[in-house]
Amino acid sequence: MTLPQKVNQYQFYKTHTGLLIRQAAMVDPDKCGRKDLYILDKSHPHYSEIVALVLAAHIAEQPLALYLDGCVQGLPAISHIYSNK
């Protein structure tokens with residue numbers, strides 16, 4: 001799990017299959033090969049809900065903790081997301 005921190009950037013990029021997220025202190029726990037972006041794949045069963053939470057947290061400058069599990073397209077994959085205030 002990442003430390004709770006703000007989402008610095010989120011993006012949709014046509015060659016990736018989901019939401020891309022950037023935070024200040026990035027990690028690569030499963031050795032995917034990249035530490036610059038995380039991905040929430042569209043096949044995630046709670047994709048829409050997590051995207052809504054990420055967008056709301058970004059606007060409110062609310063920190064999020066991300067649980068990463070595995071790799072998708074060479075990026076650490078988001079499995080769970082936590083928001084505390």
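All of the numbers you see were taken from the coordinates with simple rules; none came from a lab. Every value quoted in this text rests on a predicted model; they were computed, and no experiment measured them. Don't worry about glycine lacking a Cβ; one is built from the backbone with ideal geometry, like all the others, and counts go over all protein chains shown.
What the table shows:
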{"read-out": "Relative contact order for the range 7-83, counting Cα pairs under 8 Å that sit 6 or more residues apart, in percent", "value": "30"}
{"read-out": "The chain - mean residue ellipticity at 222 nm from DSSP helices (-39,500 (n - 2.57) per run, n ≥ 4, rounded to 500)", "value": "-5500 deg cm²/dmol"}
{"read-out": "Principal axes of the range 7-83: Cα extent on each, largest first, Å", "value": "31, 25, 21"}
{"read-out": "Farthest positive-ward along the chain dipole, Cα basis, beta-carbon charges - from Cys71, Tyr47, Gln11", "value": "Gln11"}
{"read-out": "For His80, residues with placed amide H under 5 Å, excluding near neighbours", "value": "Tyr67"}
{"read-out": "Segment Met1-Ala65, extension gain: residue separation times 0.36 nm, minus the distance between their alpha carbons", "value": "22.4 nm"}
{"read-out": "Environment charge at Asp69 (Cβ cut-off 12 Å; Lys +1, Arg +1, Asp -1, Glu -1)", "value": "-2"}
{"read-out": "Lysines whose Cα lies under 20 Å from that of Lys14, excluding same-chain neighbours fewer than 8 positions away", "value": "Lys35, Lys42"}
